[in-house]
1. Could you check region 169-221 and list, in sequence order, the residues that are near ligand 1 (Cβ under 10 Å from one of its atoms), acidic (Asp, Glu) and farther than 25 Å from Asp256 by Cα?
2. For Ala264, only one of the following conditions fails: (1) modelled with pLDDT under 95; (2) in contact with a Gly (Cβ under 7 Å, 6 or more places away or on another chain). What is its number?
3. Do any residues in region 219-239 that are in contact (Cβ under 8 Å) with a residue 60 or more places away in the chain have Cβ atoms under 7 Å from those of residues that are surrounded by fewer than 22 Cβ atoms within 10 Å (Cβ to Cβ) and in a loop (DSSP other than H, G, I, E, B), where the two are at least six apart or on different chains, and which pairs are they?
4. Of a type in the set (Val, Ile, Thr) and within 16 Å of ligand 2 (Cβ to nearest atom): is that true of Ile235 in this structure?
5. Just checking, which of Ile197, Ile157, Ile176 is closer than 19 Å to Asp303 by Cα and out of contact with any Gly (no Cβ under 6 Å at 6 or more places or on another chain)?
6. What number of residues within region 323-358 satisfy the criterion of being without any contact (Cβ under 8 Å) to a residue 40 or more places away in the chain and within 16 Å of ligand 2 (Cβ to nearest atom)?
Amino acid sequence: SDLGNSFYLYKTIMDRLHENGVTLSYTKSKMTDERSVFLMFLGESKHGVSVVIPPRYIQRLLERSEDGVFYDVEVISRKIAERSDDSLGIDVFAQESKYYPLGIKLHTYTGYYIHYFVTNIWIGLLLGGIVSVVRVRYRQSKVSDATLESALQNALIDGEIEAYYQPIVNSQDRTIVGCESLVRWKSASQGMISPGIFIPLAEELGLVDDIADLVLASAIDMLTKNPELFEQRYISINISRSQILRKEFVYRILHDLKPQPHIARKLVFEITEEINFSTEERQILREHLEQISKIGLRVAIDDFGTGYSGLDFIRQYTFDVIKIDRVFVNSLGSDSTLIPLLQSMKGIANSFNMSVIVEGVEEERQVKILAELGFNHIQGFYYFKPMPKQALLTLLCQSPLNESHSKK
Ligand code: C2E
Ligand code: MG
Ligand code: MG
């Protein structure tokens with residue numbers, strides 16, 4: 001390269017330069033005749049640019065200033081600064097457009113750390129170290145994002161993503177009244193990944209429809225092949241807000257399920273209550289839910305009580321089911337304020353003619369208290385954890401269908 005012609009560069013420096021486009025070294029050269037900080041980087045035309053700073057200049061500059069002065073030393077538009085937590089830290093600046101190799105800004109603030117750093121530490125090594133650490137970490141974060149992205153894409157292709165099912169139980173007679181589909185990512189490299197992590201990622205990447213397709217297909221397949229097991233049972237499916245607001249998604253559901261009303265009647269769409277729905281979005285939501293209801297699908301509010309607009313949300317549209325979030329169950333028995341809350345939720349459900357499912361029940365005493373309050377439909381680890389499709393089918397084959405209890 002042109003850099004190679006201007007003066008001799010160590011191979012390690014050249015390698016770093018070609019890898020990163022920039023490198024810092026602390027070495028002696030004919031140009032300066034003393035050890036100096038060399039900053040080298042490749043310009044856009046791949047021509048080399050270099051800056052040579054004998055450290056005594058930096059030192060002199062900083063030593064001259066008095067105590068109570070605070071410095072920012074910037075290396076390639078990255079700031080080495082004193083942090084608020086009083087440790088020496090590195091801030092990576094987002095804007096990389098300007099490449100000023102090294103800058104020092106003075107503020108009136110205690111300059112203790114920088115002063116210490118300049119007078120006591122082999123500056124070239126430190127600067128070089130910091131620059132490479134920053135660069136490596138920056139690159140790694142980019143790489144891991146990209147990896148997660150393609151990993152999710154591949155997971156869909158490779159069949160690593162699978163619908164699990166958690167039974168919902170009537171605590172009075174222990175019959176299984178339905179189940180909720182909960183998607184699982186069994187990553188070959190990472191193990192099980194929670195939907196709480198990859199669903200938001202899928203939304204960002206526009207893959208949430210692919211996941212919904214997979215989940216729906218799994219449920220429809222199960223309903224089609226085992227009609228006798230689902231005569232009295234439903235499958236609940238989580239639909240994210242971004243999907244239910246999109247008319248393409250809703251039309252596709254209508255298109256697929258309108259000709260199969262016996263399937264549609266077995267499906268429940270779970271939608272979380274949202275604080276952030278705009279007036280316009282509420283209107284769209286209402287229209288979409290009405291269209292979906294018309295073909296026999298039921299709609300549930302998920303995580304009821306955790307969004308702030310609970311009451312307003314159910315006023316907008318009559319839901320068929322509310323699912324009470326597990327935060328209302330966790331400390332049931334020890335926290336007496338939960339009882340009146342649950343009672344009022346029960347009252348709301350009754351007056352809107354909605355059935356209720358309580359989520360996250362893990363202990364027998366919770367089941368007992370809930371039964372006393374009139375909550376019988378329970379979803380929780382106390383009865384069952386989410387399980388693969390085949391395990392659910394086996395379980396349903398063994399469980400009697402209680403003809404006497406209502407569909408709700
Ligand atoms: P969710 O719809 O509220 O689902 C209930 C969550 O509570 C599930 O977590 C379930 O495994 C967990 N759970 C059930 N019983 C208990 C219990 O007794 N104790 C405790 N501690 N947890 C219990 P999971 O499977 O990790 O799913 C988390 C969330 O991810 C779901 O919350 C849902 O919002 C979302 N999700 C899951 N599958 C899908 C999907 O296919 N599509 C979309 N859009 N979201 C999904
Ligand atoms: Mg749910
Ligand atoms: Mg929930």
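The values are calculated or read from the model by the stated rules, or taken from the named source; none is laboratory data. From a predicted model like this one, the values you see are computed outputs, not experimental measurements. Here Cβ is always computed from backbone atoms with ideal geometry, including for glycine, and neighbour counts include all displayed protein chains.
1. Correct list: empty.
2. (1)
3. Glu231/Leu401; Gln232/Leu401; Gln232/Lys407
4. Working: of a type in the set (Val, Ile, Thr): yes; within 16 Å of ligand 2 (Cβ to nearest atom): yes.
Yes.
5. Step by step, each of Ile197, Ile157, Ile176 is checked, and only Ile197 is closer than 19 Å to Asp303 by Cα and out of contact with any Gly (no Cβ under 6 Å at 6 or more places or on another chain).
6. Residues of region 323-358 that are without any contact (Cβ under 8 Å) to a residue 40 or more places away in the chain, as a first pass: 325, 327-328, 330-344, 346-353, 356, 358.
Next cut, within 16 Å of ligand 2 (Cβ to nearest atom) only: 325, 327-328, 356, 358.
The number of residues fulfilling the criteria is 5.
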